């Protein structure tokens, strides 16, 4: 996992501290699609743009930096990753952005930040847990979306629905329940 | 039903059973509706404007379900595992759930 992240320019530091109650990686997947989530910033580029790699990478960097995913002087943040290839539940890994980096190209090619070259699918979180940055692939475009971690009632109710769903992986349900305890 | 991947069945069940399940949004925050540009013409007119849904749990997931009126469809995936909006199949029995 660390080697594949390194190929994208993300140097693995450690798994997130257990005493931090971050939003589960799996919940961030829908955070950018949920209504009334504050702090939205984004960049996007058409799937068939001949300069898709450069534009998507520049868009990710501007959205992440300007959206306070990390400090320019200390570019550390969390990224959703699986400890092993057969793991069912995602965890937050602390990473540092290093030069050179290629989030959209190598990130997809290595299967860590996407499913293919310039077909992203990743979740990132600021160290304080306040800022989510998602890379995603739409029907006609790819892009990066930044939001603030949602905590409004509708989102928490939705999270409870998943936590109570026996068809979801038990570890994911437990993660959600642990996170929801923050609000009780 | 046997041709529908299990992860797609799971998402379809959530969409059909949870009226609050969120429709996807475009990068700019507007709701994500299918353009159908990659579909054959006769299917484009059928599916164009469908709501698009994706699952919780996995930021890498390429699973997509579309809903037009009371009919559900599921989006195929290409050899790389990327969703393929040129292949949408009507979800079995979807009208019976609504």
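Want the number for residue A:178 to residue A:13: 0.36 nm per residue separation, take away the alpha-carbon distance, what's left?
Once the chain is fully extended between residue A:178 and residue A:13, it gains 57.0 nm.
Taking the Cα centre of each part, how many Å lie between segment A:79-124 and segment A:141-155?
With segment A:79-124 and segment A:141-155 each reduced to a Cα centre, they are spaced 19 Å.
Which whole-number percentage describes the relative contact order of segment A:44-99, with Cα contacts under 8 Å and a sequence gap of 6 or more? Walk me through the intermediate numbers first.
Details: 44 pairs, mean separation 12.5, N = 56.
Dividing the mean separation by the residue count of segment A:44-99 yields 22 percent.
Below 8 Å between Cα atoms, with a sequence gap of 6+, how large is the relative contact order for segment A:2-149 in percent?
On the way: 309 pairs, mean separation 49.1, N = 148.
Computed over segment A:2-149, the figure is 33 percent.
Can you give me the angle between helix A:153-163 and the longest principal axis of chain A, using Cα atoms only, in degrees from 0 to 90, rounded to the nearest 10?
So the inclination is approximately 80 degrees.
I want to check the label-to-label distance for residue A:71 and residue A:6. Put each point 7 Å from Cα in the C-beta direction and report it in nm to one decimal.
Between residue A:71 and residue A:6, the simple spin-label model gives 2.7 nm.
What's the Cα-based Rg to Rh of segment A:1-115, Rh via Kirkwood?
Answer for segment A:1-115: 0.95.
For segment A:72-169, take the alpha-carbon Rg, divide it by the Kirkwood Rh, and send me Rg/Rh. Walk me through the intermediate numbers first.
Numbers: Rg = 14.9 Å, Rh = 15.1 Å.
Here the Rg-to-Rh quotient is 0.99.
7 Å from Cα along Cα→Cβ at both residue B:3 and residue A:96: what's the point-to-point distance in nm?
Distance between the two pseudo-spin positions: 5.2 nm.
For segment A:113-184, list log₁₀ I(q)/I(0) at each q in 0.12, 0.14, 0.18, 0.27 Å⁻¹, using the Debye formula over Cα point scatterers of equal strength and ignoring solvent, two decimals each.
The Debye formula, applied to the Cα set alone, gives -0.44, -0.59, -0.90, -1.12.
Could you put A:77, A:122, A:155 in order, starting from the residue whose Cβ has the fewest other Cβ atoms within 10 Å?
A:155, A:77, A:122
Give me the angle, in degrees from 0 to 90, between the Cα long axis of helix A:52-66 and the longest principal axis of the Cα atoms of chain A, rounded to the nearest 10.
Taking Cα atoms only, the helix is inclined about 50 degrees.
Grab the DSSP H runs of chain A that are 4 residues or longer, score each as -39,500 (n - 2.57), total them, divide by all residues and round the 222 nm result to the nearest 500 deg cm²/dmol. Could the numbers behind the result be given before it?
Numbers: 6 runs with 55 residues, N = 184.
Only helices count here, giving -8500 deg cm²/dmol.
Would you kindly calculate the mean projected area, averaged across all directions, of the convex hull enclosing the Cα atoms of the protein assembly as shown, in square nanometres?
Its Cα hull, projected and averaged over all orientations, spans 14.4 nm².
With axes computed from alpha carbons, what is the tilt in degrees of helix A:170-180 against the longest principal axis of chain A, rounded to the nearest 10 within 0 to 90?
That helix lies at roughly 80 degrees to the long axis.
Kindly put A:148, A:173, A:134 in sequence by how many other C-beta atoms sit within 10 Å of each C-beta, fewest to most. Each step should come with its number before you reach the end.
Numbers: A:148 16, A:173 19, A:134 26.
Fewest-to-most ranking of A:148, A:173, A:134: A:148, A:173, A:134.
Using only C-alpha positions, report the orientation-averaged shadow area of the convex hull of chain B, nm², one decimal.
6.5 nm²
Read the figures in this text as sums done on the coordinates, not as results from a lab. Computed from a predicted structure; not experimentally measured. Counting neighbours? That spans all protein chains shown, and the Cβs are built from the backbone with ideal geometry, glycine included.
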